[in-house]
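Notes follow once the structure below has been shown.
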Amino acid sequence: MTPDDTLWVKPLGALVLLLFVDLDPELAALRPLGGFFVLRTGGVPPGLLPTLARTYENPVSEVYGNSLTFRVHVVAERLQAPELRIAASIAQQALAARLWSVALGCAALYGRIPDLDPRLLHWDADRSAPDDLWLAEVRPLPGDARALADTVLHAHLEPLNAALVARHRIATGLLWGNAASALAGAARELDRWARACGRRDVSTRARALTAELLAHPLLAGTGTFTGSSFRRRSCCLYYRIPGGGVCGDCCFTQPPGSSRNAASG
């Protein structure tokens, strides 16, 4: 974290009443929230794929020699994406959503988060949630916005975005828009669950943390967050896949037709 990062950190104050529980080794409180929030923990099975730290290291390796490059090609094949950068965008947003969901979910439910150090977090690039990520060891960290930024933005999304930019013709602004959209989506799901379960404390905590994080220098200006609603200022390019349309928070209200530059980020 740079000295400038301290400018955006704001205390939540005494208005938020929280009912925290211990950060248990299995992160069991996340299970009712659904697969995107669930994180497998404990001893990593033999042969489980590399850590995310290793994945970020060599973004320009051969197609199947790197988990991130492999994932982009998997997404491209499954969605029939006409360009690899479209698949890269969607793959990045999905991984960002997984990381934000786990971190924000823990912060809202436990009041602290697990250390998601890329050297501890293993990734199976060929599988979907919750089987894609496995945390070797649960080490508690504070559940404030600064810790969330260090854990997700700096430890993961900065090297992830840099790796994708190095490999694909994709705009950095688009990727940070994806990261903001993924964060807002996690907050929205938490809000929906909390309202259904009468956990106003969880909803309030998630919205407050999300608002703080969206004011971080890396995410500031990516969109507008009101209540639990987010409208981004860029497009993830999903509309360019066969049968694709615009997402609910897209800057476009309808696909921009044949224009190939309008949504470049």
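Conditions tested, residue by residue: (1) closer than 20 Å to Gly223 by Cα; (2) out of contact with any Lys or Arg (no Cβ under 8 Å at 6 or more places or on another chain).
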| residue | (1), (2) |
| --- | --- |
| Ala162 | no, yes |
| His168 | no, no |
| Leu175 | yes, yes |
| Ser181 | yes, no |
| Ala187 | yes, no |
| Trp193 | no, no |
| Ala196 | no, yes |
| Arg200 | no, yes |
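The residue that is surrounded by the most Cβ atoms within 10 Å (Cβ to Cβ), among those in the range 92-108 that are farther than 16 Å from Leu68 by Cβ and either in contact with a Phe, Trp or Tyr (Cβ under 8 Å, 6 or more places away or on another chain) or among the small types (Gly, Ala, Ser) (or both), is Ala108. In the range 207-227, the condition of being more than 29 Å from Tyr56 (Cα to Cα), of a type in the set (S, T, N, Q), out of contact with any Gly (no Cβ under 6 Å at 6 or more places or on another chain) and without any contact (Cβ under 8 Å) to a residue 12 or more places away in the chain is met by at least one residue. Of all residues in the range 219-241, which are surrounded by fewer than 19 Cβ atoms within 10 Å (Cβ to Cβ), assigned to a loop (DSSP other than H, G, I, E, B) and at pLDDT 90 or above? Passing the criteria: Ala220, Gly221, Arg233. Within the option set Arg188, Arg233, being within 27 Å of Pro32 (Cα to Cα) and of a type in the set (Lys, Arg) holds for one residue only, Arg188.
Against the conditions (1) over 26 Å from Phe70 (Cα atoms); (2) in contact with a Cys (Cβ under 9 Å, 6 or more places away or on another chain); (3) not hydroxyl-bearing (Ser, Thr, Tyr), Ala187 satisfies every one except (2).
The values are calculated or read from the model by the stated rules, or taken from the named source; none is laboratory data. As the structure is a computational prediction, the values presented were derived from the model and not from experiment. Neighbour counts run over all protein chains shown; Cβ positions are idealised from the backbone, glycine included.
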